[in-house]
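The values are calculated or read from the model by the stated rules, or taken from the named source; none is laboratory data. Here the structure is a predicted model, which is why all the values come from computation and not from measurement. Positions of Cβ are generated from backbone atoms using ideal geometry, with glycine treated the same way; all protein chains shown enter the neighbour counts.
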Amino acid sequence: MPDTIFVLNGPNLNLLGTREPEIYGAETLDDNAGQLEDRARELDLAIDMRQSNHEGHLVDWLHEAQASGAKAVLLNAGAFTHTSIALHDAIKGIKTPVIEVHLSNPHKRESFRHTSFVGQAAKGTVAGFGALSYVLALEAASRI
Ligand code: CA2
């Protein structure tokens, strides 16, 4: 039975591929999931990929990751990254390692994206490589 990695995506990431391709790439979230599944199979891992526009769902899923024995969580919390103490506390509240993921590099963007409450609690961060950020984070998850 392969270990499972939760891949949690926050608000507006369901719109990927429809707007702002210069920032987020032209691929949809499903395209990204497909790429990730391919690499996961090679690493003998299973992916459980979800998206929600609701902060509480992401909190519940972080708790579920621990309860279900997932090996790690890849978390792109979208704009909640920069606002959510609840996600910060949820990450600190579980033992499952959480890797922060971003398509863009928030540090190259507006100053309001420079603070990450997720990153301050996460094991590490991969950002700025588009869909490849998720794959690189999966590599990290497979080694920790
Ligand atoms: O770069 C990332 O992955 C972000 O987490 C994406 C968030 C942004 O608020 C973070 O600062 C960085 C935004 C996701 C919204 O994605 C859209 C995609 C297409 C059209 C509209 C929004």
> Tell me, which helices (runs of 4 or more DSSP H) lie completely within region 1-110 with 3 or more residues that are modelled with pLDDT under 95?
Replying inline: 21-24, 29-42
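I'd like the residue in region 111-144 that is among the hydroxyl-bearing types (S, T, Y) and not in a loop (DSSP other than H, G, I, E, B) and, out of all such residues, is nearest to the chain's Cα centre (by Cα). Before you say what the answer is, go through the steps one by one.
Looking only at region 111-144, we keep the residues that are among the hydroxyl-bearing types (S, T, Y), and these are 111, 115-116, 125, 133-134, 142.
Next cut, not in a loop (DSSP other than H, G, I, E, B) only: 111, 125, 133-134, 142.
On the way: S111: 21, T125: 9, S133: 9, Y134: 7, S142: 15 Å.
The qualifying residue nearest to the chain's Cα centre (by Cα) is Y134.
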> Taking region 85-132 on its own, how many of its residues are of a type in the set (S, T, N, Q) and either in contact with a Gly (Cβ under 9 Å, 6 or more places away or on another chain) or in contact (Cβ under 8 Å) with a residue 40 or more places away in the chain (or both)?
Replying inline: 4
> What are the residues in region 1-42 that are more than 15 Å from the ligand (Cβ to nearest atom), among the hydrophobic types (A, V, I, L, M, F, W, C) and crowded, with 16+ Cβ neighbours inside 10 Å, if any?
Replying inline: I5, F6, A40
> Which residue, of F129, F112, F117, is buried (at least 17 other Cβ atoms within 10 Å of the Cβ), within 16 Å of the ligand (Cβ to nearest atom) and farther than 29 Å from P2 by Cα?
Replying inline: F117
